[in-house]
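In what follows, a single structure is set out as structure tokens and then discussed.
Values in this text are rule-based calculations from the coordinates and carry no lab data. In this text the structure is predicted, and so the values were computed from the model without any measurement. Positions of Cβ are generated from backbone atoms using ideal geometry, with glycine treated the same way; all protein chains shown enter the neighbour counts.
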Amino acid sequence: MLIRPKSCLIIFTASPYQNSKSMEALEFTLALASFEQKITLFFQGKGIYQLLSNQSPHLIKLKPFTKAYKALELYDIHNIYVDQSSMDKLCLDHKELIIPVTIIKKTTFRNLIVSHDIIFKF
């Protein structure tokens with residue numbers, strides 16, 4: 001019997017350096033990927049701040065973990081989406097992000113939810 005990997009949607013909603021939630025979510029994502037799960041990432045609200053290129057966490061004496069997002073490709077994580085309305089609300093442009101993403105509308109997000117076996121929200 002062949003068991004197919006589960007498809008996992010991981011939703012990021014927390015600011016990167018507000019608490020440890022964001023760093024733990026990234027570590028969780030990389031751990032899942034090491035078990036060859038099909039992973040899709042979705043960033044919305046303040047979670048988009050995790051992808052900003054110009055960050056200085058050392059000023060508040062924190063480890064700059066967000067640079068690890070550049071390694072997602074090494075883990076075969078290629079489906080990375082960002083909520084368009086959140087980008088607009090935060091006055092952000094895709095050029096400010098450290099990795100390439102696909103910006104989607106809420107209707108497309110609903111399709112993402114129904115097309116995945118497991119959903120995690122951080």
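Rounded to the nearest Hz, the phi-derived 3J(HN,Hα) couplings of the range 100-106 under the Karplus curve 6.51 cos²θ - 1.76 cosθ + 1.60 (θ = phi - 60°) are x, 9, 10, 8, 10, 8, 4, where x marks glycine and proline. Database remark: amide H of ILE119 closer than 5 angstrom to the amide H of LEU9 (H placed geometrically; neighbours at sequence offset of 5 or more, or on other chains; Pro and chain starts carry no H). Annotation: for a label point projected 7 angstrom from Cα along Cα→Cβ of PHE35, residues of the range 106-122 with backbone N closer than 18 Å are 116-122.
With 27 Å as the limit, the listed pairs LYS21/LYS106; LYS6/LYS63; LYS63/LYS105; LYS38/LYS89 have LYS6/LYS63; LYS63/LYS105; LYS38/LYS89 beyond it between alpha carbons.
Pairs of Cα atoms nearer than 8 Å and 6+ residues apart set the relative contact order; for the chain it is 36 percent.
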